[in-house]
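Notes for the one structure printed next.
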Amino acid sequence: MKYYAVIDTNVLVSAMLKWNSVPGSIMQLVFDGIVVPIVNEEIIDEYKEVLLRPKFKLNYGIVERLLYRISEAGFYLVGERIDIELPDEDDRVFYEVVMKSRKDEDSYLVTGNLKHFPAEPFVVTPRQMLDIIFTDNND
C-alpha cells in the first residue's frame, strides 16, 4: 500500500539532523516507496532554502542528493488557492497542495507543527503517520 503525503519542511529538517528518529523513519519510508511525497517547485525550493541555512550545517551535496531523491519519488501537484488564514503564510503551499491532492487520493500533511494548520484528521504528526501505516499493514 502507498501513502501520499505532503511533508512539511520541519519534518525533513528533523530527519536530516537525526536520521534515527521518527521523522527519519518517515523519510526512509519515502525512499522505500511506501510514502509518496507530494511536491511542487515551491515546496522543493522551500526545502532547499531551509536545509541550507548555516545553522543546520548540512553539506550542500547531501542536500542536493536528498532533494533529487524526493523529486524522483514525488508526485508533482500545484495547489489551488484556498481562502484560509494560517499562522505562518509560508505554510500555505503545503496546505493548498494537500487539499488539492485529497480531491483524488487519500493524502496526509505530515508536520511537527500541528498548530500551524487547521485541526483535520489528515493533518498528522510524523508519529501519527507511522501509526497509520503500521496499523494498516498489520490488519
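The values are calculated or read from the model by the stated rules, or taken from the named source; none is laboratory data. Everything numeric in this text was worked out from a predicted model, so none of it was measured. We place every Cβ from the backbone using ideal geometry, glycine too, and count neighbours over all the protein chains shown. Surface accessibility is based on the protein's heavy atoms, side chains included, excluding ligands, DNA and RNA. Shrake-Rupley method; radii C 1.70, N 1.55, O 1.52, S 1.80 Å.
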Which ³J(HN,Hα) values in Hz, rounded to whole numbers, follow from the phi angles of the stretch 75-86 under the Karplus curve 6.51 cos²θ - 1.76 cosθ + 1.60, where θ = phi - 60° and Gly and Pro get x? 10, 8, 8, 8, x, 10, 4, 10, 7, 8, 9, 10
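Below 8 Å, C-alpha to C-alpha, sequence gap of six or more: please give me the relative contact order for the chain in percent. Mind dumping the intermediate values first?
On the way: 189 pairs, mean separation 42.8, N = 139.
Normalised by residue count, the contact order of the chain is 31 percent.
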Sulfur and carbon atoms: percent of accessible area, the chain [1.4 Å]: 50
Write out the GluC sites (Glu not before Pro) in the stretch 37-85 meeting two conditions: DSSP loop, and at most 11 other Cβ atoms within 10 Å of their Cβ. Glu80, Glu85
With +1 assigned to the C-beta of every Lys and Arg and -1 to the C-beta of every Asp and Glu, and no other charges, what is the dipole magnitude of the stretch 23-139 about the Cα centre in debye, to the nearest 20? 520
Within the under-11-Å Cβ sphere about Leu17, not counting Leu17, Lys/Arg +1 and Asp/Glu -1 give a net charge of +3
Whose amide H sits under 5 Å from the amide H of Val39, counting only residues 5 or more places off or on another chain, with H placed in the peptide plane? Phe75, Tyr76, Leu77
Can you list residues from other chains, or at least 5 along the same chain, whose modelled amide H is less than 5 Å from the amide H of Tyr108? Tyr4, Ala5, Val6
Here the stretch 18-32 yields Karplus 3J(HN,Hα) values (6.51, -1.76, 1.60; θ = phi - 60°; whole Hz; Gly and Pro given as x) of 8, 4, 7, 8, 4, x, x, 5, 4, 5, 5, 5, 5, 5, 7
If each part is reduced to its alpha-carbon centroid, the stretch 88-110 and the stretch 1-67 end up apart, in Å, by 16
Please get the size of the charge dipole for the stretch 1-64, origin at its Cα centre, with Cβ charges of +1 on Lys and Arg and -1 on Asp and Glu, quoted in debye to the nearest 20. 340
Using the Karplus equation 6.51 cos²θ - 1.76 cosθ + 1.60 (θ = phi - 60°), what ³J(HN,Hα) coupling, rounded to whole Hz, does each residue of the stretch 33-43 give in order, writing x for Gly and Pro? x, 7, 9, 9, x, 9, 9, 8, 4, 5, 5
For a quick check of your reading of the filter: which trypsin sites (Lys or Arg not before Pro) in the stretch 50-112 sit in a DSSP loop and have no more than 12 other Cβ atoms within 10 Å? Lys57, Arg81, Lys103
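So what is the accessible area of the chain per residue, in Å², with the probe set to 1.4 Å?
So the chain comes to 55 Å² accessible per residue, rounded to a whole number.
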